[in-house]
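Structure first, commentary second.
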Amino acid sequence: MNQQLAGFAPAPVAARMENHGNHMLKVAMQTGNDLLARVGSMVAYEGFVQYEPNPPAVRQIAKDWMTGEGAPLMKCSGDGLLYLSDYGANVVVINLNGDAISVNATNLLAFDAHLTWGVERVKGLAKFAGQGLWNTKISGQGWVALTSRGKPIVVDCGGGEDETYVDPDALVAWSPNLKVKGKRSFKAQSLIGRGSGEAYQMAFSGQGIVVVQPSEDSTDRLRVRG
């Protein structure tokens, strides 16, 4: 039986964060290099790893999140291997390497605690969404893990004048330097999406990427602060 299960054993550690299959994240934990992760995402760990739900630093930064709007976070610290998942969602691992990314809070699984992060309003959308939409911007030298309901597509906006249009329910993350605006298209109402936002899209332009998931579950959409 052990031979039959051998193919599912984790590979030797090669990086701070790695995928184990498509639906699980493996993190190499080291003392002094803490991790912030979604509460309830731990499925297993090896070694000595401690958890602190909703630490003071998180409460201070995330004070702009409304109840149920953000991602409840825990601080993970210690030495060993930590395995995280989010109900079988696909996991996407990113090494920022000095770059930045803007993430839908419901798609945020984990990130290095030393990274700079905060909750910010998405500019250019207030007139379409009441008080506007809020996302989590993360930047610096370190690792970030996102989730996607199904295998995502990464669209390169190309830096030209053409715009990339995305259903808000399917949006995972984007380059924060992109210009964002809202668009209503009643002619497209029967063509885009299956939920409540069919006639409303987000338009991206500039140099950068947009990450889109195949799911259009309304619980995954950018949250409206009203």
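Just so you know, all these numbers are worked out from the coordinates, no wet-lab data involved. Computed from a predicted model, the values in this text were never measured in an experiment. Cβ sites come from the backbone with ideal geometry, for glycine too, and all protein chains shown count toward neighbours.
Under a Cβ-Cβ cut-off of 13 Å, what is the net charge of the residues other than residue 116 that fall near it, where Lys and Arg count +1 and Asp and Glu count -1? Before the final figure, lay out each step's value.
Working: positive: 137; negative: 99, 112, 120.
Result for the neighbourhood of residue 116: -2.
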If amide H atoms are modeled at 1.01 Å from N in the peptide plane, then the residues at a separation of 5 or more from residue 29, or on another chain, having amide H under 5 Å from its own are 80, 81, 82
3J(HN,Hα) from dihedral phi, the stretch 7-23, Karplus parametrisation 6.51/-1.76/1.60, rounded to Hz, x for glycine, proline: x, 9, 5, x, 6, x, 5, 10, 7, 4, 10, 8, 7, 10, x, 8, 10
Karplus ³J(HN,Hα) for the stretch 43-59 (6.51 cos²θ - 1.76 cosθ + 1.60, θ = phi - 60°; Hz, whole; x = Gly/Pro) runs 10, 6, 7, 10, x, 10, 10, 10, 10, 10, x, 6, x, x, 4, 5, 4
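Order of 49-58, 92-101 by packing, highest average Cβ count within 10 Å first?
Details: 49-58: 14.3, 92-101: 16.4.
Put in order of decreasing packing, that is 92-101, 49-58.
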Skipping prolines and chain starts, which residues have an amide H placed within reach, meaning under 5 Å, of the one on residue 54, given they are 5 or more residues away or on another chain? 73, 74, 75
What list of ³J(HN,Hα) couplings, whole Hz, do you get for the stretch 107-113 from phi and the Karplus terms 6.51, -1.76, 1.60, once you set θ to phi - 60° and write x for glycine and proline? 9, 8, 9, 6, 7, 4, 5
Which far-off residues, 5 or more places away or on another chain, put their amide H under 5 Å from the one on residue 208, with H placed in the peptide plane? 157, 158, 159
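Please work out how much length the chain gains when fully extended from residue 97 to residue 6, using 0.36 nm per residue of separation minus the C-alpha to C-alpha distance, in nm with one decimal.
Extra length available between residue 97 and residue 6 comes to 29.4 nm.
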Net charge near residue 74: determine it from the other residues with C-beta under 15 Å of the C-beta of residue 74, scoring Lys and Arg +1 and Asp and Glu -1. -1
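With the cut-off at 28 Å, tell me which of the pairs 151/183; 75/183; 26/179; 151/181; 75/137 have Cα atoms farther apart than that.
Exceeds cut-off: 75/183; 26/179.
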For a label point 7 Å from the Cα of residue 81 along Cα→C-beta, name the residues of the stretch 28-49 whose backbone N is under 17 Å from it. 28-31, 42-49
Assuming 0.36 nm per residue, please report the length gained on full extension of the stretch residue 31 to residue 48 beyond their Cα-Cα distance. 5.1 nm
